[in-house]
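Notes follow once the structure below has been shown.
Please treat every number below as a calculation from the coordinates, not as lab data. Since this is a predicted model, take the numbers as computed values, not measurements. For neighbour counting, all protein chains shown are included, and Cβ atoms are generated from backbone atoms with ideal geometry for every residue, glycine included.
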Amino acid sequence: MTNTFDYWFKHKLLDLPYLASEHGKHVDDLIVYVHALMAVLFVGWFAYFLYAIFRFRKSKHPKADYVGVKGHVSNWIEGGVAVVEAILLIGFAVPLWAKVVTKPPSEKESTVIHVLAKQFNWNAHYAGPDGIMGRQDQALAAASGGSDPFGVDRANDPNARDDVVVMDNFVVPVNKPVLAYVTGLDVIHSFAIRSMRVCQDAVPGLRIPTWFTPTQEGEYKITCAQLCGNSHYSMSGMLKVVSQAEFDKWLAAESEKARKSTAPKSYE
Ligand SMILES: [Cu+2]
């Protein structure tokens with residue numbers, strides 16, 4: 001750890017989860033800043049509270065004053081606070097936010113996956129070694145009697161034949177952006193990988209991109225962050241982050257498996 005205090009504050013004091021993505025540091029920093037700001041406000045207001053208790057104690061003010069403040073100083077102070085807050089918001093917060101909100105990485109430089117949440121598991125569709133996502137057809141989906149929840153059209157689309165569909169066990173290469181298009185099949189779920197600092201609602205009918213760059217190999221839990229039914233608690237998967245070479249090997253093997261199990265004899 002580069003900075004021991006930073007580590008202690010985030011992971012011992014605030015108990016933030018293990019961090020394994022590139023942008024995650026900024027998420028954690030924001031959490032620290034918000035805590036620091038709240039600490040300043042807490043100490044400041046508490047000090048003022050103690051001051052008020054002392055300043056207006058009963059022994060010095062036996063009789064209540066029902067008139068209160070007469071001057072206009074407090075109005076000016078209130079107005080001043082409003083102006084300062086407007087400057088903070090318009091002058092600093094909005095421009096900073098515009099800088100922080102990034103565009104998704106290009107599909108070319110990313111590991112692209114289609115993520116489909118359904119009661120109660122996580123499914124991913126990979127393009128396979130050819131890098132081209134095969135056609136998906138609702139009529140071919142598992143819900144309509146097909147073999148996978150996406151309805152990958154292996155019979156009619158040549159680009160679909162090497163595609164890979166996995167359930168609950170996702171694999172991605174390290175140090176390369178992952179671009180996930182998240183959707184839901186039944187109710188609203190939420191695709192959450194805490195170590196990647198990613199959390200995106202999976203909404204039926206919407207295809208929402210979310211992205212992150214894993215920086216460390218390992219296994220990270222995928223959970224559902226939206227109460228989605230009676231087995232919501234068990235809706236978890238695993239994101240395995242491996243080297244590029246290991247990923248290519250895995251994808252090729254899964255692709256081969258998919259070809260063999262779904263291809264009619266004519267494809268062989
Ligand atoms: Cu869910």
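Put +1 on the Cβ of each Lys and Arg and -1 on the Cβ of each Asp and Glu in segment 4-100; which of ALA64, VAL34, LEU89 then has its Cα farthest toward the positive end of the dipole?
ALA64
Which pairs break 20 Å Cα to Cα here: LYS103/LYS176; LYS240/LYS260; LYS12/LYS99; LYS10/LYS240?
In this structure, LYS240/LYS260; LYS12/LYS99; LYS10/LYS240 exceed 20 Å between Cα atoms.
Suppose R0 equals 35 Å; then what is the FRET efficiency for GLU246 and CYS199 from their Cβ-Cβ distance, rounded to the nearest 0.05?
Computed FRET efficiency for GLU246 and CYS199: 0.85.
Based on C-alpha coordinates, I'd like the Rg and Dmax of segment 145-259, in Å.
14.9, 39
Taking springs between alpha-carbon atoms closer than 10 angstrom, which of VAL203, VAL67, VAL32 fluctuates most in the Gaussian network model of the chain?
Comparing VAL203, VAL67, VAL32 in the GNM, the peak value goes to VAL67.
May I ask you to list the chymotrypsin sites (Phe, Trp or Tyr not before Pro) in segment 1-93 that are in a DSSP loop and have at most 14 other Cβ atoms within 10 Å of their Cβ?
TYR18, PHE56, TYR66
Please compute the alpha carbon radius of gyration of the chain, then divide it by the globular-protein estimate 2.2 N^0.38 Å. Two decimals is fine.
Normalised by 2.2 N^0.38 Å, the Cα Rg of the chain equals 1.46.
In debye to the nearest 20, how big a dipole does segment 135-268 give about its Cα centre with +1 on each Lys and Arg Cβ and -1 on each Asp and Glu Cβ?
Charge dipole of segment 135-268: 140 debye, to the nearest 20.
Residue separation times 0.36 nm, minus the C-alpha to C-alpha distance between GLU219 and LYS70: what's the value?
Between GLU219 and LYS70, full extension yields 47.1 nm more.
Looking at the chain as a GNM with Cα springs under 10 Å, which of LEU89, LEU14, LEU41 has the largest mean-square fluctuation?
So, out of LEU89, LEU14, LEU41, the one fluctuating most is LEU89.
Specify which residue in the list GLY80, HIS23, THR102 is farthest towards the positive end of the charge dipole of the chain, using unit charges on the beta carbon of Lys, Arg (+1) and Asp, Glu (-1), about the Cα centre.
Projecting each Cα onto the dipole axis, the largest value belongs to GLY80.
Can you tell me which aspartates and glutamates have their Cα less than 15 Å from the Cα of LYS221? Leave out same-chain residues fewer than eight positions away.
Straight-distance partners of LYS221: ASP168.
Have a look at VAL34, VAL241, VAL112 and tell me which one the Gaussian network model of the chain (Cα, springs below 10 Å) gives the largest fluctuation.
The residue with the greatest mean-square fluctuation here is VAL34.
Taking the Cα centre of the chain as origin and charging only Cβ (+1 Lys, Arg; -1 Asp, Glu), how large is the dipole, in debye to the nearest 20?
Dipole about the Cα centre, nearest 20: 1320 debye.
Modelled label-to-label distance, ARG207 and HIS61, 7 Å Cα→beta-carbon offset: nm?
Here the answer is 6.5 nm between the modelled labels.
I need to check one value: relative contact order of the chain, counting alpha carbon pairs closer than 8 Å and at least 6 residues apart, in percent.
19
Report, please, the projected area of segment 4-100 averaged over directions, based on the convex hull of its C-alpha atoms, in nm².
10.3
Once amide H atoms are placed 1.01 Å from N in the peptide plane, what residues at a sequence separation of 5 or more from VAL178, or on another chain, have their amide H within under 5 Å of its amide H?
Under 5 Å from the amide H of VAL178 lie the amide H atoms of THR111, PHE212, THR213, each far enough along the sequence or on another chain.
Mind checking which aspartates and glutamates have their C-alpha under 14 Å from LYS108, skipping anything on the same chain fewer than 8 residues away?
Straight-distance partners of LYS108: ASP130.
Would you compute, from DSSP H runs of 4+ residues alone, the mean residue ellipticity of the chain at 222 nm, taking -39500 (n - 2.57) per run and dividing by the full residue count, rounded to the nearest 500?
-9500 deg cm²/dmol
What is the Cα centroid distance between segment 131-160 and segment 185-248, reported in whole angstrom?
Their Cα centres are 22 Å away from one another.
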